[in-house]
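The values are calculated or read from the model by the stated rules, or taken from the named source; none is laboratory data. Treat the numbers as computed from the prediction; the structure is a model and nothing was measured. Backbone-built Cβ (ideal geometry, glycine too); neighbour counts: all protein chains shown.
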Amino acid sequence: MKAAALTEIAPVEQRPVRLLEMPDPQPAEDELLLEVSVCGVCHTELDEIEGRLPVSRLPRILGHQVVGRVIAKGPRVGSFQIGDRVGVTWLWKSCRTCSFCTRGLENLCEKALWTGLDADGGYAERMTVPAAFAHLLPPSLDDLHTAPLLCAGVIGYRALRLCQIEDGQIVGLFGFGASAHLTIQVLRALYPRCRVFAFSRDREHQQQALRLGADWAGHTEDNPPQKMDKVIDFTPIGQAIPLILRNLQKGGKLVINAIRKIDPIPPMDYAELLWSERTIQSTANVTYADGSEFLRIAAQIGLKAEVTAFPLEQVNEALLAVKHSRITGAAALVLNP
């Protein structure tokens, strides 16, 4: 099969993701074999490529926002049929028996495996996934626009839940890329009385935020019209944290929606920025329930990702576009349309 695999750790500009011919994977007894239709391109892949998030082996087929169709299955799989259209998220597998898994917190499982990091992902014509962690997709969600929902959308939804938003509050979205452009649509649907402030260094992304329902949009260093009750930080920038906290209301909550920060969070004055019962919380990956709940909501509200499509042969162009914010919305690789 044709695949785009990471062959060495290097800056994306050096194009370390290369097209290879690789053997077709074979499903284990509890796995599905998928023919991949579309795979989203995520900022997390940049962390893998450039070494901030170590992969378990090389070469590694990246990609964890996967839409595909079942073309074979192991003998212990009874929940899916050949031809079913399924989605795969960042969570490829967990142990299902530890204290975290039994509480529905597979995202914290010490033995969890992650798609495109510990197991080969969707930058390929075919891939396998344990049936217990695959999502049967609603028919109203088409392949191209569903792929970004499976990471950018799901993790944004988890961050929204962790914020514990009350309708009518002021909510900030700091950094307006693939995840934020989906999160704002869910936020508008679930909390229609909230005011939304969006922050981006890019003028085009600010305009996109206003078009999708933001009440105000400005530069990341701007002060918004009012202090915010809840903020989601989508950026990989550690320097963003004090910028956000200076505009967070007393008792407010900041949720950081990032696996890695490319620079350290700088020293901060506790009394000035964090005191008055302000809270900072991280998001760590996603659970299976996050994916199921979010996909159901996405179908109900008609959530629409804005997607720039690339053929697999242009994988490096897609990665560079994501790294340098050359697109609004999300990027995706189209393999078997």
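Worth pointing out:
- Options THR128, THR115: the member that is more than 17 Å from the chain's Cα centre (by Cα) and in the same structural domain as GLN26 (by TED's automatic domain parsing): THR128
- Residue-level check: of (1) under 27 Å from GLN207 (Cα atoms); (2) under 15 Å from the mean Cα position of the chain (by Cα), ALA284 misses just (1).
- Just one of the listed residues (GLN300, GLN314) is assigned by TED's automatic domain parsing to the domain that holds VAL12 and within 19 Å of LEU46 (Cβ to Cβ), namely GLN314.
To keep it simple, each residue is scored yes or no on (1) assigned to a loop (DSSP other than H, G, I, E, B); (2) not hydroxyl-bearing (Ser, Thr, Tyr).
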{"residue": "ARG96", "(1), (2)": "yes, yes"}
{"residue": "LYS111", "(1), (2)": "yes, yes"}
{"residue": "GLY122", "(1), (2)": "yes, yes"}
{"residue": "THR128", "(1), (2)": "no, no"}
{"residue": "LEU149", "(1), (2)": "no, yes"}
{"residue": "VAL154", "(1), (2)": "no, yes"}
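- There is at least one residue in the range 266-279 that is of a type outside the set (Asp, Glu), part of a loop (DSSP other than H, G, I, E, B), in contact with a Pro (Cβ under 7 Å, 6 or more places away or on another chain) and surrounded by fewer than 15 Cβ atoms within 10 Å (Cβ to Cβ).
- Residue match in the range 144-167 (condition: surrounded by fewer than 20 Cβ atoms within 10 Å (Cβ to Cβ), free of Cβ contacts under 8 Å to residues at least 40 places away in the same chain and in contact with a Lys or Arg (Cβ under 7 Å, 6 or more places away or on another chain)): yes
- Only one entry of ARG193, ARG158 meets the criterion of being charged (D, E, K, R) and farther than 20 Å from SER292 by Cβ, and that entry is ARG193.
- Residue in the range 91-112 that is under 13 Å from LEU32 (Cα atoms) and either modelled with pLDDT of 95 or more or more than 15 Å from the chain's Cα centre (by Cα) (or both) present: yes
- The numbered conditions (1) among the hydroxyl-bearing types (Ser, Thr, Tyr); (2) within 19 Å of ALA289 (Cα to Cα); (3) surrounded by fewer than 16 Cβ atoms within 10 Å (Cβ to Cβ) are all true for SER140 except (2).
- Top-ranked residue in the range 174-232 [being of a type in the set (Phe, Trp, Tyr) and assigned to a loop (DSSP other than H, G, I, E, B); ranked as farthest from LEU303 (Cα to Cα)]: PHE176
- Of the set (1) more than 19 Å from the chain's Cα centre (by Cα); (2) modelled with pLDDT of 95 or more; (3) of a type in the set (Asp, Glu), all apply to GLU293 but (1).
- For the range 112-137, a residue qualifies if it is within 20 Å of ALA289 (Cβ to Cβ) and β-branched (Val, Ile, Thr), and the qualifying residues are THR115, VAL129.
- Residue pairs whose Cβ atoms lie under 6 Å apart, separated by 6 or more positions or on different chains, with the first residue in the range 200-212 and surrounded by fewer than 16 Cβ atoms within 10 Å (Cβ to Cβ) and the second modelled with pLDDT of 95 or more, are LEU210/ALA217.
- Residue match in the range 72-90 (condition: farther than 17 Å from LEU150 by Cβ, in contact with a Cys (Cβ under 6 Å, 6 or more places away or on another chain), free of Cβ contacts under 8 Å to residues at least 40 places away in the same chain and not assigned by TED's automatic domain parsing to the domain that holds ASN257): no
- Boolean, ALA258 is of a type in the set (A, V, I, L, M) and loosely packed, with under 13 Cβ neighbours inside 10 Å: no
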